[in-house]
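Have a look at the structure below, then the notes.
The values are calculated or read from the model by the stated rules, or taken from the named source; none is laboratory data. Everything numeric in this text was worked out from a predicted model, so none of it was measured. So basically every Cβ, Gly included, is an ideal-geometry build from the backbone, and we count neighbours across all protein chains shown.
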Amino acid sequence: IKANVDQIDKDLEKMLMVVTNLSSVIGYDKASEIAQKAYREGKSIKEVIKELNLEIKGNIDELLDPRKMV
């Protein structure tokens, strides 16, 4: 069995749990709003942040990295 790394990366990007890392930066309510919109529209958290033109303090890729949640 060989892992499909590209598919794993795509799936990780769509995981809504990464919004948890943002709650300390943008607040729970805004993070929840982003997660709900991403879920409803089948988008990633990063896509929704870009759509809403939100400015996030810090490196967004690092904040949304699920490996940082451990």
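Miscellaneous remarks
- Any hit, the stretch 38-52, residues being loosely packed, with under 13 Cβ neighbours inside 10 Å, in contact with a Lys or Arg (Cβ under 9 Å, 6 or more places away or on another chain) and on the phi < 0 side of the Ramachandran plot: yes
- Here the stretch 15-45 is the region considered, the condition is being assigned to a helix (DSSP H, G or I) and of a type in the set (S, T, N, Q), and the residue that is farthest from Glu62 (Cα to Cα) is Gln36.
- Residues of the stretch 8-29 that turn out to be surrounded by 12 or more Cβ atoms within 10 Å (Cβ to Cβ) and touching a residue at least 24 places away in the same chain (Cβ under 8 Å), as a count: 12
- Residue within the stretch 46-57 that is assigned to a loop (DSSP other than H, G, I, E, B) and β-branched (Val, Ile, Thr) present: yes
- Sole residue being at pLDDT 90 or above and over 9 Å from the mean Cα position of the chain (by Cα), chosen from Ala35, Ala31: Ala31
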